[in-house]
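This report concerns only the one structure given below.
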Amino acid sequence: MKKYIDTGKKDTRSGFGDGLTELGKSNKNVVALCADLIGSLKMDDFKKNHPERFFQIGIAEANMIGIAAGMTIGGKIPFTGTFANFSTGRVYDQIRQSIAYSDKNVKICASHAGLTLGEDGATHQILEDIGLMKMLPGMTVINTCDYNQTKAATIAIASYNGPVYLRFGRPKVANFTPENQIFEIGKALKLQEGKDVTIVATGHLVWEALQAAETLNEQGISAEVINIHTIKPLDDEAILNSVSKTRCIVTAEEHNFLGGLGESVARVLATNNPTPQEFVATQDTFGESGTPEQLMEKYGLNANAICKAVLKVIDRK
């Protein structure tokens, strides 16, 4: 069984910031806009080195989206930055009308997603953003798992022509994917071969899925682990190839089970190969204040919860 090493915990938002820094040097069309959260989004370095390409919009997220859409007409590649709640829920109308409907080349970059925002509580946490964004025609939705992957994704989306929602987080988490990886939009990554169950995970739950696979292996259960970093377009082929072997699947995400990765996978299975599935996700609820670890435990978003779901789905085969 392959072992993945945590090379040192880092926050995924810093991966975004460092990716943006590299883009600032290599792509003169990249511009950055922020809604009064420069430090939180790690956009300081870009602002320092490219002040003529950085725009502080203030606490006016809807205005930021409109400005970004307009900039694309002149050939610019705007990267907008604020918390995930404000990047989606607060400005959904502007994203729908000015970006998605008009197919504008805007990169909506959203930090502090999910429960791991922690102590700021339910008003700032968002667990429905993936659903909101994936339903918009033409919108690409990416949810990265660690610092290295977030940096690579940030760089990659600049070369992709079309609207993108890039989701990442606040806490320091395991950094275990290759340092100089090439990020391929829409291509799932098989991290672990297995024959008894498929675990597909996204974002912070990818590391938890790998930890669960180790525990399950000690119990004689061989789990195949797949990192679904791109939720739309979804890598249907990778999912179907895996379940044709394992005949059951668990989906894991830091998001509501309604509208997230799990439902996208369920659609693929229902229309191609109906397969027993269990969902590790929040159960149609808002979050609350607490440390990220406390919240992930309470809401069942960790390796232990994945193991329980695996045992349950195997019994349904």
Ranked from fewest to most other Cβ atoms within 10 Å of their own Cβ, Lys10, Lys195 fall in the order Lys195, Lys10
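Net charge near Met71, counting Lys/Arg +1 and Asp/Glu -1 over other residues with Cβ under 15 Å of its Cβ? Provide the component values of the computation, followed by the final result.
Numbers: positive: Lys28, Arg53, Lys76, Lys104, Lys107; negative: Glu52, Asp103.
Summing Lys and Arg as +1 and Asp and Glu as -1 gives +3.
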Between the modelled labels at Glu52 and Leu258 (7 Å from Cα along Cα→Cβ) the distance in nm is 5.0
Each label sits 7 Å from Cα toward the beta-carbon; between Lys28 and Glu293 the label points are separated, in nm, by 4.9
Note: Ser102 to Asn241 extended length (0.36 nm per residue) minus current alpha-carbon separation gives 46.5 nm
Helix-only [θ] at 222 nm, the chain, -39500 (n - 2.57) per DSSP H run of 4+, per residue, nearest 500, equals -10500 deg cm²/dmol
Using alpha-carbon positions, the gyration tensor of the range 10-173 gives root eigenvalues a ≥ b ≥ c; with a/c under 1.5 called rounded, otherwise prolate if a/b exceeds b/c, else oblate, the class is rounded
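Can you list the trypsin sites (Lys or Arg not before Pro) in the range 103-187 that are in a DSSP coil and have 16 or fewer other beta carbons within 10 angstrom?
Within the range 103-187, the qualifying trypsin sites (Lys or Arg not before Pro) (loop, at most 16 other Cβ atoms within 10 Å) are Lys187.
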Correct semi-axes for the range 189-315, from √(5λ) of the alpha-carbon gyration tensor and rounded to whole Å with the largest first, are 21, 17, 12
Taking N as the residue count of the chain, its alpha carbon Rg divided by 2.2 N^0.38 Å gives 0.95
Going residue by residue through the range 205-222, the Karplus relation 6.51 cos²θ - 1.76 cosθ + 1.60 with θ = phi - 60° gives ³J(HN,Hα) values, rounded to whole Hz and with x marking Gly or Pro, of 7, 5, 4, 4, 5, 5, 5, 5, 4, 5, 4, 5, 4, 5, 9, x, 10, 9
Under 16 Å by backbone N from the virtual spin label 7 Å along Cα-to-Cβ at Glu214, the residues of the range 166-205 are 173-177, 191-193, 205
If the chain between Lys9 and Phe286 were fully extended at 0.36 nm per residue, the gain over the current Cα-Cα distance would be 97.0 nm
Filtered hits (aspartates and glutamates, Cα-Cα < 20 Å from Lys9, offset >= 8 within chain) -> Asp18, Glu119, Asp146, Glu179, Glu208, Glu214, Glu253, Glu254, Glu293, Glu297
The chain: antiparallel bridges as % of DSSP beta bridges, rounded to 5, reads 15
For Lys3, the lysines lying under 30 Å Cα to Cα, once residues fewer than eight places off in the same chain are dropped, come out as Lys151, Lys172, Lys187, Lys190, Lys195, Lys232, Lys245, Lys298, Lys308, Lys312, Lys317
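Every number here is computed from the coordinates shown, using simple stated rules; none is lab data. Please read these numbers as outputs of a predicted model, since none were measured by experiment. Positions of Cβ are backbone-derived with ideal geometry, glycine not excepted, and every protein chain shown enters the neighbour counts.
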